[in-house]
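Remarks on the structure that follows.
The values are calculated or read from the model by the stated rules, or taken from the named source; none is laboratory data. Remember, predicted model here, so these are calculated numbers, not experimental data. Cβ sites come from the backbone with ideal geometry, for glycine too, and all protein chains shown count toward neighbours. Please note that ligands, DNA and RNA were not included when accessible areas were found on the heavy atoms of the full protein model with its side chains. Shrake-Rupley method; radii C 1.70, N 1.55, O 1.52, S 1.80 Å.
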Number of protein chains: 2
Amino acid sequence: MINKILLLIVIAIGSFINSSAQETDHRIAIIIHGGAGTILKSNLSPEMEQRYRDTITLALMAGYNVLRNHGSSLDAVEAAINVMEDSPLFNAGKGAVFTHEGTNELDASIMNGKTLSAGAVAAVKHIKNPISLARMVMERSKHVMLTGDGAEAFAQQQGMQLVPQSYFYTERRWQELQRAKAEERNDSLKNSVPKDSMIEKHGTVGCVALDLNGNLAAGTSTGGLTNKRFGRIGDSPIIGAGTYADNRSCAASATGDGEYFIRVGVTRDVAAMVEYGRMNLQQAADSAMAKVNALGGTGGVVVLNTKGQMAISFNTEGMYRAYIDENGKPVVLIYK
Amino acid sequence: MINKILLLIVIAIGSFINSSAQETDHRIAIIIHGGAGTILKSNLSPEMEQRYRDTITLALMAGYNVLRNHGSSLDAVEAAINVMEDSPLFNAGKGAVFTHEGTNELDASIMNGKTLSAGAVAAVKHIKNPISLARMVMERSKHVMLTGDGAEAFAQQQGMQLVPQSYFYTERRWQELQRAKAEERNDSLKNSVPKDSMIEKHGTVGCVALDLNGNLAAGTSTGGLTNKRFGRIGDSPIIGAGTYADNRSCAASATGDGEYFIRVGVTRDVAAMVEYGRMNLQQAADSAMAKVNALGGTGGVVVLNTKGQMAISFNTEGMYRAYIDENGKPVVLIYK
């Protein structure tokens, strides 16, 4: 209830800032996503659906209000993703899934469409907000991608406080790991090829934004796969797979079966089809998702260009997603 | 001297197999590279130049002979890169540079242009031939990218023997680390921004190949940057940055300042310009390198398509590179 009142206040402030900012030349725009997968109305209780809607709206408005306040698209992307990272609902930050070893290993990346600067972290275990560390890598190191303990040493050098692994403990994710391991044991008893787990795998979060200066940014953050092992890295921290932004074409953030998204290079591919293939955003997004689909992968992608044009494409039952429509109103969608 | 005789025998065998294989429909082709950087004739002793030429020729012929024997482009790429990984001359495998902590952390990736299957390993410390482990990841796991200790646990599970870190000790690389640290201390004493080290940074190796079945493959292997820290990962293990292969467009392998190659997504970009922009390979390679150059990066890329057309582009003083010409003869080049 308090959440709901907070939400209404946030929207009201957003609308107010809205009217004053519309005098400028550039359109601002933002899309966020909270993962794509087997999200059916029949599987989601009304209470859970409302919790998702509320948190997605809070995340969207956090980013939107940055843009309304003449903030940068990078600030907006970080603000929106921070809200989802701090919620236990999504597979990123607080709600990250567990690895096979019962740890949490998080990945994130962010990209600046004006400069093509980018930052990414992979397999970090003690970072509350991996998207913020990815941004530090982009802005305060000469590197793009840092991993593991080294990335955390960099975080500490930059004054970022680490959190204990216990911060990421949530009962829901722990039970998912136990179910995944039980499924694995069953599969191995039956000597069958491990089938795709029915466990909701796709809670990766992401955001694309366009600021008043006409600059795009994109970011993605995830806990990866439940029961993952061998230091597996998916598409989220890979520039060109999970995240890409270039003012000349578009900003894109993806979610789904990471391996397929890496092989297609989904976000870089979308940008390339827009830039070289002269496709519109929706055609490009659909075409990249068709390639993922043809290889056997599932997921989705959100895309935005400097005109404020938007596209969302996914081949799953549902995708947590939200954007601000032409009238400045938040639109939150979950199902197909 | 023995090396030289061996080389002549290898070339002779290659030419013999050559004549019998030319009856088939498809052309075969291969390009390898051993890094791009400040490689000037004045800096390279005649003996060192000859050692490089000999080893590059051995690597090229190892890959070429696989193709001549009706082997796959993946086998050719792996065979050629294995030779360079086993040589102390290149910054990959045996000759990998040292990290800030005095360890060696290796990265590699490989991709199958027919299926878009891909495999990559990053920050492995005990793998003699990272390209072979990348291929195992591609063919024997459901993942694309494994990192660190986890990747090595996978290697052991697959029966691959680990090597001790001492295997990667070479006096030359150790001295490079000491010089890099001395430069760093000088820079910090002078309170100046660390300037780009004069130390040869670019010894990454790679290969693209086309087999008799008309299938492309690409692979890249590296030790990364001398004095690197914080678990830094460059472009070599990133599908779409250091390595990409798609029969519909081309196979490409890159070497250079990894961060810039990730930001541009060089190999994926080259493939996209060929596929969507209808550029020829040289235009696409030059265009991608122009983007790297505009951002301030240096390096090079080798590209091959299913017609056997080739392109090499670099913006450095030199690039160790070799290919088989139309007459089946090896061509080894170093300088501009």
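Per DSSP H run of n ≥ 4, the term is -39500 (n - 2.57); total these for the protein assembly as shown, divide by its residue number, and report the mean residue ellipticity at 222 nm rounded to 500 deg cm²/dmol.
Details: 18 runs with 258 residues, N = 672.
Only helices count here, giving -12500 deg cm²/dmol.
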For the interface of B with A, what's the total buried accessible surface in square angstrom, probe 1.4 angstrom, rounded to the nearest hundred?
3200
In degrees, nearest 10, the alpha-carbon axis of helix A:281-295 is tilted away from the dominant principal axis of the alpha carbons of chain A by 10
In region A:244-288, which residues give up 40 Å² or more of accessible area once the other protein chains are added, compared with their chain alone (1.4 Å probe)?
A:GLU259, A:ILE262, A:ARG263, A:ARG268, A:TYR276
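Let me know the shape class of chain A, please: from the alpha-carbon gyration tensor, a ≥ b ≥ c as square roots of the eigenvalues, rounded when a/c is under 1.5, otherwise prolate if a/b is greater than b/c, or oblate.
Details: a/c = 1.37, a/b = 1.36, b/c = 1.01.
Rounded.
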Classified through the alpha carbon gyration tensor (a ≥ b ≥ c as square roots of its eigenvalues; rounded if a/c is under 1.5, else prolate when a/b is larger than b/c, else oblate), the protein assembly as shown comes out prolate
Rounded to the nearest 20 debye, what is the charge dipole size of region A:101-193 about its Cα centre when +1 sits on each Lys and Arg Cβ and -1 on each Asp and Glu Cβ?
240
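Exceeding 25 Å between C-alpha atoms, which entries from my cross-link table qualify? They are B:LYS94/B:LYS181; A:LYS125/B:LYS228; B:LYS128/B:LYS329; A:LYS94/A:LYS181. It would help to have the intermediate numbers written out before the result.
Working: B:LYS94/B:LYS181 22 Å; A:LYS125/B:LYS228 21 Å; B:LYS128/B:LYS329 30 Å; A:LYS94/A:LYS181 22 Å.
With Cα atoms farther than 25 Å apart: B:LYS128/B:LYS329.
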Copies of B:ARG278 compared via label points 7 Å along Cα→Cβ give distances in nm, shortest first, of 0.9
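Ignoring ligands, DNA and RNA, what percent of the accessible area of the protein assembly as shown is carbon or sulfur (1.4 Å)? Please list the in-between numbers first.
Working: 13200 of 25220 Å².
So the carbon and sulfur contribution to the accessible surface is 52 percent.
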Distances in nm, one decimal, shortest first, from A:GLU184 to the same residue in every other copy, taking the label point 7 angstrom along Cα→Cβ.
3.7
Assume the label is 7 Å from Cα along Cα to beta carbon: what separations in nm does B:LYS336 have to the matching positions in the other copies?
5.9
Between 0 and 90°, nearest 10: helix A:266-275 axis offset from chain A longest Cα axis:
30
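What is the magnitude of the charge dipole of the protein assembly as shown about its Cα centre, with +1 placed on the Cβ of each Lys and Arg, -1 on the Cβ of each Asp and Glu, and no other charges, expressed in debye to the nearest 20? It would help to have the intermediate numbers written out before the result.
On the way: 66 positive and 66 negative charges, 11 e Å.
Charge dipole, the protein assembly as shown, about its Cα centre: 60 debye, nearest 20.
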Mind giving me the FRET efficiency for A:TYR169 and B:ASP187? R0 is 41 Å, r the Cβ-Cβ distance, nearest 0.05 is fine.
0.40
Counting heavy atoms of the protein chains only and a 1.4 Å probe, report the per residue accessible area for region B:28-335 as a whole number of Å².
33
Do any residues of region A:123-151 lose at least 10 Å² of accessible area when the full set of protein chains is present rather than just their chain alone, and if so which, with a 1.4 Å probe?
A:LYS142, A:HIS143, A:VAL144, A:MET145, A:LEU146, A:THR147, A:GLY150
For A:ALA294 and B:GLN157, what is the calculated FRET efficiency with R₀ set at 25 Å and r taken between the beta-carbons, to the nearest 0.05?
0.25
For chain B, take the longest principal axis of its alpha carbons; what is the angle in degrees between that and the long axis of helix B:148-157, to the nearest 10 within 0 to 90?
40
10 Å Cβ shell holding at most 10 others, DSSP loop, GluC sites (Glu not before Pro): longest site-free stretch of chain A:
A:24-325
